[in-house]
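The values are calculated or read from the model by the stated rules, or taken from the named source; none is laboratory data. Note that this is a predicted model, so its numbers are computed, not measured. Heads up, the Cβs are rebuilt from the backbone with ideal geometry, glycines too, and the neighbour counts pull from every protein chain shown. For accessibility, only protein heavy atoms count, side chains too; no ligands or nucleic acids. Shrake-Rupley method; radii C 1.70, N 1.55, O 1.52, S 1.80 Å.
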Amino acid sequence: MTSLAKTLLLLALLAACMSAMSNACFLSEKVHVQITNQLENGEDLTLHCNSGDNDLGEHFLHKDENYKFSFCTNVFDKTLYYCSFAWSGQVRWFDVYAGVRYNCLNCNWRITHSGPCLEPDTPDAQETCYQYRKK
């Protein structure tokens with residue numbers, strides 16, 4: 001291995017270690033997801049979010065409370081996080097992050113009876129509401 005190749009390999013390993021220690025992302029972007037219980041009748045919400053690699057567990061939210069998590073996207077932005085939402089005996093599902101589908105780094109979701117609503121990242125954009133998916 002040439003001296004240049006060794007140096008480049010060492011720099012890449014150093015950057016990866018620094019990224020891991022600083023909780024930053026290496027060759028990808030960090031996404032922040034916030035899910036807020038906005039059920040219209042003031043009902044409590046139980047949510048459970050997963051990706052292919054991570055089970056974030058079950059969380060219980062009273063009206064207007066939120067749950068937050070962050071993650072690094074994979075290099076090709078094929079990351080998927082999906083959640084189940086349960087209230088008053090009903091269960092719904094939705095993908096809260098699916099690669100570039102929602103185009104957000106700060107994905108702020110309001111959970112309502114009719115569906116989740118993504119608040120805009122910029123002040124001039126409008127909130128977008130979606131329907132829950134069928135299991």
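For segment 39-104, the carbon plus sulfur part of the accessible surface works out to 46%, probe radius 1.4 Å.
Summing Lys and Arg as +1 and Asp and Glu as -1 over all other residues whose Cβ lies under 13 Å from the Cβ of Lys63 gives a net charge of -4. Within the shell of other residues whose beta carbon sits under 10 angstrom from the beta carbon of Gly115, the net charge comes to +3, with Lys and Arg scored +1 and Asp and Glu -1. A viscosity of 1.002 mPa s and a temperature of 20 °C, combined with the Kirkwood radius over Cα pairs in Stokes-Einstein, give a translational diffusion coefficient for segment 52-135 of 152 µm²/s.
For Ser114 and Asp55, what does the FRET efficiency come to when R0 = 30 Å and r is the distance between their Cβ atoms, rounded to the nearest 0.05? Efficiency at R0 = 30 Å is approximately 0.65.
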